[in-house]
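Let me begin by presenting the structure, written as structure tokens, before commenting on it.
The values are calculated or read from the model by the stated rules, or taken from the named source; none is laboratory data. It should be emphasised that the depicted structure is a prediction, and the values quoted were computed from it without experimental measurement. Because the Cβ atoms are built from the backbone with ideal geometry, glycine has one as well, and the counts that use them run over all protein chains shown. Side chains included, ligands, DNA and RNA excluded: accessible areas come from the protein's heavy atoms. Shrake-Rupley method; radii C 1.70, N 1.55, O 1.52, S 1.80 Å.
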Amino acid sequence: MTVLEVKQLQKSFGTIHAVQDISFSVEAGEVFTIIGPNGAGKTTTLEMIEGLVTPDNGEIHFGALNWDKHATSIKMKIGVQPQSSAMFDLLTPEENLDLFATFYENARSTEEMLKLINLTDHRHNQVKKLSGGQRQRLAIGLAMISDPEIIFLDEPTTGLDPQARRNIWDIILELKKLGKTTILTTHYMEEAEKLSDRVCIVDQGRIVTLDTPGALIEKLTKEREVRLSFLDGETAAEEGELFSNNLDSVSRTKRDGASLTLWTTKPEDTLYDLFKFTKEKEYQVEQVSIREMSLEDVFIAFTGKEWRD
Ligand code: ATP
């Protein structure tokens, strides 16, 4: 079931075309991620969908509801992670949740939210004393207190250390188990790859590509990157490169000193042939690794640009 559909969204700020043409739909229960570099238009897109910014053009439908006619009903359906500044620093997480709960008729219990965001142990600490990750978790709890169907999280892990980011990932996965739909923005490819059912890559206000992480990577290439380093030094790697270039499965190679990188559509066959070659030549291989392509490779392939976190 489609819970959100946006069509040809556009927004400019003066001469800056923040969002030029964005269309997609989101299905119930999925984690839908909008990813893109700084200034790509992610926040503006989200804020238009959340009803905070008015689009210059385009349509936004939550099922049969739209902002013009059904703003109150939409507000009951969606949860928006508040900016840090919207929290009360001198109050505790428990007090913030209690307060936000009073804004809604059918709010979830504070107890339940504290458990979901793993802040039960910090329930009585003032918000200003919480870490960045704890504050972000509280922001998610505040967005969830009204028990919305759809939750919007705008870069919830930016600036957090790896452990704090993983804690947020756990909450997002928990929301999925609860059957919620999550719309997420991020700069981090790894995060998009790990969490999302579908990923929408945006750059300069337009969708570069949109699909499941697996399909995006598959679409790009079935290649794998194989790396070998030779104990016998540069000459061995050079000969290995010449040999690899004659294999049908190998599309290209790169050599750096005694290490050789090659891209192949049949990693097993390529490695079999390469090991036969090294055995015949009595070369010793120190290390072998095979790398799958990542979403980052997809971005680079589609835009021709390096990814900038
Ligand atoms: P980031 O990852 O840095 O948050 P983003 O992908 O969320 O970036 P937006 O915040 O949507 O991108 O910004 C897109 C472009 O629009 C940027 O060039 C930004 O400077 C500009 N912009 C956004 N909001 C405004 C505003 N209120 N007034 C003027 N320009 C704006």
> Within the range 181-189, can one find any residue that is touching a Pro at 6+ places or on another chain (Cβ under 8 Å), modelled with pLDDT under 90, within 16 Å of the ligand (Cβ to nearest atom) and under 30 Å from Ile150 (Cβ atoms)?
Replying inline: yes
> So which residues in the range 32-60 are surrounded by 15 or more Cβ atoms within 10 Å (Cβ to Cβ), near the ligand (Cβ under 10 Å from one of its atoms) and either of a type in the set (Lys, Arg) or part of a loop (DSSP other than H, G, I, E, B) (or both)?
Replying inline: Gly36, Pro37, Ala40, Gly41, Lys42, Val53
>> Among the residues of the range 157-173, what is the count of those that are out of contact with any Ser or Thr (no Cβ under 8 Å at 6 or more places or on another chain) and crowded, with 16+ Cβ neighbours inside 10 Å?
In response: 3
> How do the pairs read when you match residues in the range 150-178 that are assigned by TED's automatic domain parsing to the domain that holds Arg137 with residues anywhere that are open to solvent by less than 10 Å² (accessible area, probe 1.4 Å) and among the aromatic types (Phe, Trp, Tyr), using Cβ under 8 Å and keeping only pairs 6 or more apart or on different chains?
Replying inline: Ile150/Phe62
> Could you list, in sequence order, the residues of the range 1-29 that are open to solvent by less than 40 Å² (accessible area, probe 1.4 Å) and either of a type in the set (A, V, I, L, M) or without any contact (Cβ under 8 Å) to a residue 40 or more places away in the chain (or both)?
Replying inline: Val3, Leu4, Val6, Leu9, Ala18, Val19, Ile22, Ser25, Val26
> Looking at (1) part of a helix (DSSP H, G or I); (2) more than 16 Å from the ligand (Cβ to nearest atom), which is the one condition that is false for Arg165?
Replying inline: (2)
>> I'd like to know if the range 61-84 contains one or more residues that are small (Gly, Ala, Ser), within 24 Å of Leu9 (Cα to Cα) and in contact with a His (Cβ under 9 Å, 6 or more places away or on another chain).
In response: yes
> Among the candidates Ser73, Ser85, which residue alone is open to solvent by 50 Å² or more (accessible area, probe 1.4 Å) and farther than 21 Å from Met1 by Cβ?
Replying inline: Ser85
> Taking Gly79, is it touching a strand residue (DSSP E or B) at 6+ places or on another chain (Cβ under 6 Å), over 19 Å from Ile150 (Cα atoms) and either open to solvent by less than 80 Å² (accessible area, probe 1.4 Å) or outside any loop (DSSP other than H, G, I, E, B) (or both)?
Replying inline: no
>> Given the condition away from the ligand (no atom under 14 Å from the Cβ), under 16 Å from Ile151 (Cα atoms) and of a type in the set (A, V, I, L, M, F, W, C), answer yes or no: does some residue in the range 12-24 qualify?
In response: no
> Name the residues in the range 218-237 that are modelled with pLDDT of 85 or more and of a type in the set (Lys, Arg), would you?
Replying inline: Arg227
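Considering only residues that are of a type in the set (D, E, K, R) and surrounded by 14 or more Cβ atoms within 10 Å (Cβ to Cβ), which ones fall in the range 252-280?
Once the filter is applied, which keeps residues that are of a type in the set (D, E, K, R) and surrounded by 14 or more Cβ atoms within 10 Å (Cβ to Cβ), the range 252-280 yields Arg255, Lys266, Asp269, Asp273.
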